[in-house]
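Report on one structure; see the data block that follows.
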Amino acid sequence: MSKAEQIRRLYQEGKTVSEVAKALGIRYQHAYNELRRLGLLKAKKDEPTPEVYGEFIAGLELLGVTLEELSAKLERSPEGKKGATVNLEPFGPEPFDGGFRAGLVMTVTLLEDGRPFGQVRAKAVGMYRSAIFPQGSVFQTFAQQNLPLNLWPYLRLYVDFVTAQMGLARLTLPLLKF
C-alpha cells in the first residue's frame, strides 16, 4: 500500500491530520498536503489561494526592521530551575507609500520551577515594499507564516541581550520551526 493510500485510509477512519502523521512517522505538512491533493481536505474559507499568496510574496521586499518597544521586569532573583514561555502577537498592516508596516509583540514570561519571576516584552516592526497591500486572509497567512520568520531572529537577539543585562543567564530562544 502506497504512502498516499495509507494516509487516505487513516484519515477516512476518522484520524486527524496530526494523528495520521504520527501513526505513519511523517511530517504533518506531508500528510496535510497529500490529503489536500486527494481532495479530502478543503482549503479554509479564509485562506488565500496559493496563486494569490504567491503573487503577494513574489513582490515583497523587507526594507528594514525596527525595535519600537522593549521592556523588562524582574520581580525577584530566581534560584530554582529556570524556563520561559513565549507568546507572539502580530499587528498591522499599516500602509505607507509603496508598502506597509507589520510587526510582532513578543512577550517572554520568565519562569522558575514553573512560576513566573519576570517578563521581557519586545515590539519589532518590519517595513515592507509591496505593490499589493495585504488584507484579510492574505495578511492573516503572512502574519502566521512569513512575519514570524522575518522578525524572530531580531526578537531572539533582543531577549538574549536584555536577560543578560538583567543579571540573568542569557536566554537563547530556540529556532522558530513550523
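Observations on the model:
- For GluC sites (Glu not before Pro), the sites in segment 51-111 that DSSP calls loop and that have at most 13 other Cβ atoms within 10 Å are 75, 79.
- Crossing angle, helix 3-12 versus the chain [Cα axis fit, 0-90 degrees, rounded to tens]: 80 degrees
- Under Karplus coefficients 6.51, -1.76 and 1.60, residue-wise ³J(HN,Hα) of segment 79-89 in Hz, glycine/proline x: 10, x, 6, 9, x, 7, 10, 10, 10, 10, 10
- Two-site FRET efficiency, residue 24 against residue 149, from Cβ-Cβ distance with R₀ of 25 Å, rounded to 0.05: 0.40
- Annotation note: trypsin sites (Lys or Arg not before Pro) in segment 113-178 located in DSSP loop regions with a Cβ neighbour count of at most 16 within 10 Å are 170, 177.
- Here the Kirkwood formula, the inverse mean of 1/r across different C-alpha pairs, assigns the chain a hydrodynamic radius of 19.0 Å.
- Panel order for 130, 2, 18, by other beta carbons found within 10 Å of each beta carbon, from fewest to most: 2, 18, 130.
- Computed 3J(HN,Hα) for segment 124-133, one whole-Hz value per residue from the Karplus formula 6.51 cos²θ - 1.76 cosθ + 1.60 where θ = phi - 60°, is 10, 10, x, 9, 10, 8, 7, 6, 10, 7, glycine and proline marked x.
Laboratory data are not the source of any read-out in this text; all were calculated from the coordinates shown. Bear in mind the structure is a predicted one, so any value in this text is a computation, not a measurement. Neighbour counts run over all protein chains shown; Cβ positions are idealised from the backbone, glycine included.
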